[in-house]
Amino acid sequence: MKYLSTRGGVDAVEFSTVLLEGLAPDGGLYVPAHIPTVTKPTLQAWRSLSYAELATEILSLYFTDIPKHDLAQLCQKTYTAEIFGSAQIVPLKPIDEHISLVGLSEGPTLAFKDMAMQLLGNLFEYVLLKQHRELNILGATSGDTGSAAEYALKGKKGLRVFMLSPQGRMSAFQRAQMYSLDEDNIFNIAVKGVFDECQDIVKALAGDIDFKKKYHLGAVNSINFARIAAQIVYYFWAWLRATQHEDQQVSFTVPSGNFGNILAGHYARQMGLPIHHLVLATNENNVLEEFFNTGVYRPRASEQTYATSSPSMDISKASNFERFVFDLFEQDPNSVKQLWTQLQTQGYFDLSSKQAAFEQAFGFVAGTSSHTERLAVIKETYEQHGVLIDPHTADGVNVARHFSQPNIPMLVLETALPAKFSETIQEAIGQPAPRPAALENIEQLPQHVMELECDVDIVKDFIQQHIGEN
């Protein structure tokens, strides 16, 4: 498998290059040169596989420069009951007769990001050791990517992590989970801005080719295709457990901010997985919902990005959206370049002429939720069904109910455990969310974080100083 850029400005490369580079040198995103297909007999044969075995089969279609035996070992090392709480790794959790949760939050940081990030940590270490290299990871987080990356990469040989987060825009638990880590290779940076501005700084430094090369910068955000590939696996896993026969369709509802999680479902559907709808759920920052319902993509300025009770989705510029547009234009990089040039100059683009294809060709539909609605869904789901969900998953459940259809299982991707958002849970049900004993007093631990102005050069100087000191 070779990889191309959505903007067409680089030669085809293999997976290991994609893993270590993150963003393509031309500013585009790496995508597979073709989407591998999975036959119905193969799907049936996969029903008996463990999660690690299924991951090996699917990822071996994308990571072709890693010997399959080595990849199997990396997957077996990653997807264990010790790390994810049970041999199931990803349990299906029925809410009612129509909707089930795909349990993606059983990992060490209680969020779905662990599913890919734990594998990424092992992939990075494996490839860097093979190539006798070091890598400095630069990332941005709206809440969960940061802690998942840091827990996966702490203590890893040849790796440092510089993680940007929006100051004051995450829950107290999310901040504590990241900032309480005291590791020599972890550097937390609280930027005085919103997530989109953090992400802009990451992209600016990743696009500074000389700086990126000199300081060996890599990425763990979902701009890194390795993250997307690892997430494809749980779509297949969930389908295999929600169906009885090879033609049975399901729908997935995905709370989405940066478009990476649902993009993995898009690739799974392109591979041949029988997915009826990919239901995109947003909060009040509904740029993506607006696009899928109108065809107009109009990212908002930082001052127009709301701080909500589902903060990990407080994003107005979805970095993975470019990969979908690349497919929408039949893998034409010139069209993508023109659209992103227009986006920079005019602040929007209008693809309403292609709107019919969103659902008909690709299965996408979309809805949004308000604070009042997510509180009501958390309360109702807890009181009527005995299931406590976090506010992002509540956005998913709320939207899923509008698109549920008879005889088509609706699977909502759980994004985090409610313990990470106890203030909102308290507001919804009148009591705080329970949390694992090991994390009971995490907010009281000393925190290690540097506060910086929202400025590319200031962040660049910080990285230079701390790489030089190590």
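The values are calculated or read from the model by the stated rules, or taken from the named source; none is laboratory data. Please read these numbers as outputs of a predicted model, since none were measured by experiment. For neighbour counting, all protein chains shown are included, and Cβ atoms are generated from backbone atoms with ideal geometry for every residue, glycine included. Side chains are part of the model used for accessible areas, which takes the heavy atoms of the whole protein and leaves out ligands, DNA and RNA. Shrake-Rupley method; radii C 1.70, N 1.55, O 1.52, S 1.80 Å.
Scanning the range 312-329 for residues being under 14 Å from the mean Cα position of the chain (by Cα) and not in a loop (DSSP other than H, G, I, E, B) gives a total of 4.
Yes or no, residue by residue, for (1) over 10 Å from the mean Cα position of the chain (by Cα); (2) among the β-branched types (Val, Ile, Thr); (3) surrounded by 19 or more Cβ atoms within 10 Å (Cβ to Cβ):
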{"position": "Tyr215", "(1), (2), (3)": "yes, no, yes"}
{"position": "Ser222", "(1), (2), (3)": "no, no, yes"}
{"position": "Phe225", "(1), (2), (3)": "yes, no, yes"}
{"position": "Thr243", "(1), (2), (3)": "yes, yes, no"}
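Of the residues making up the range 127-158, those that are open to solvent by 10 Å² or more (accessible area, probe 1.4 Å), farther than 19 Å from Phe112 by Cα and in contact with a strand residue (DSSP E or B) (Cβ under 8 Å, 6 or more places away or on another chain) are Glu134, Gly158.
Cβ-Cβ contacts under 6 Å between residues 6 or more apart (or on different chains), taken from a first residue in the range 5-27 that is in contact (Cβ under 8 Å) with a residue 60 or more places away in the chain and under 19 Å from Val127 (Cβ atoms) to a second residue that is among the aliphatic types (A, V, I, L, M) and part of a loop (DSSP other than H, G, I, E, B), are listed as Gly22/Ala219; Gly22/Ile223; Leu23/Ile223; Pro25/Val10. Among residues of the range 370-410 being of a type in the set (Ser, Thr, Tyr) and open to solvent by 10 Å² or more (accessible area, probe 1.4 Å), the one that is nearest to Val250 (Cα to Cα) is Ser404. Among the residues making up the range 289-300, those that are over 23 Å from Lys113 (Cβ atoms) and either open to solvent by less than 40 Å² (accessible area, probe 1.4 Å) or of a type in the set (Asp, Glu) (or both) are Glu290, Phe291, Phe292, Gly295, Val296, Tyr297. So is Asp184 over 24 Å from Thr17 (Cα atoms), touching a Lys or Arg at 6+ places or on another chain (Cβ under 9 Å), surrounded by fewer than 21 Cβ atoms within 10 Å (Cβ to Cβ) and in contact (Cβ under 8 Å) with a residue 60 or more places away in the chain or not? Spelling it out, Asp184 is indeed over 24 Å from Thr17 (Cα atoms), touching a Lys or Arg at 6+ places or on another chain (Cβ under 9 Å), surrounded by fewer than 21 Cβ atoms within 10 Å (Cβ to Cβ) and in contact (Cβ under 8 Å) with a residue 60 or more places away in the chain. Of all the numbered requirements in (1) surrounded by 22 or more Cβ atoms within 10 Å (Cβ to Cβ); (2) of a type outside the set (Asp, Glu); (3) at pLDDT 95 or above; (4) in a loop (DSSP other than H, G, I, E, B), Thr109 misses one, and that requirement is (3).
Quick grid of which residues meet (1) over 25 Å from Ala268 (Cα atoms); (2) touching a strand residue (DSSP E or B) at 6+ places or on another chain (Cβ under 7 Å); (3) surrounded by 14 or more Cβ atoms within 10 Å (Cβ to Cβ):
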residue	(1), (2), (3)
Gln304	yes, no, no
Lys317	no, no, yes
Phe329	no, no, yes
Ser335	no, no, yes
Leu339	yes, yes, yes
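So, Gly363, is that one touching a His at 6+ places or on another chain (Cβ under 6 Å), open to solvent by less than 40 Å² (accessible area, probe 1.4 Å) and on the phi < 0 side of the Ramachandran plot or not?
Numbers: touching a His at 6+ places or on another chain (Cβ under 6 Å): yes; open to solvent by less than 40 Å² (accessible area, probe 1.4 Å): yes; on the phi < 0 side of the Ramachandran plot: no.
No.
Where helices (runs of 4 or more DSSP H) sit wholly within the range 149-236, those with at least 3 residues that are of a type outside the set (A, V, I, L, M, F, W, C) and more than 18 Å from Ala111 (Cβ to Cβ) occupy 195-206, 209-214. A Cβ distance below 7 Å, combined with a sequence gap of six or more or placement on separate chains, defines the contacts here; from the range 427-453, residues that are surrounded by 13 or more Cβ atoms within 10 Å (Cβ to Cβ) reach residues that are modelled with pLDDT of 95 or more and assigned to a loop (DSSP other than H, G, I, E, B) in the pairs Ala433/Leu388.
Looking for whichever is crowded, with 16+ Cβ neighbours inside 10 Å and modelled with pLDDT under 95 here; the options are Leu23, Leu43. Which one fits?
Working: Leu43 fails: modelled with pLDDT under 95.
Within the list Leu23, Leu43, the selection yields Leu23.
Taken over the range 339-360, the criterion of being touching a residue at least 40 places away in the same chain (Cβ under 8 Å), among the small types (Gly, Ala, Ser) and at negative phi is satisfied by Ser352, Ser353.
Exactly one residue out of His98, His69 is open to solvent by 50 Å² or more (accessible area, probe 1.4 Å), free of Cβ contacts under 8 Å to residues at least 24 places away in the same chain and not polar (S, T, N, Q): that is His69.
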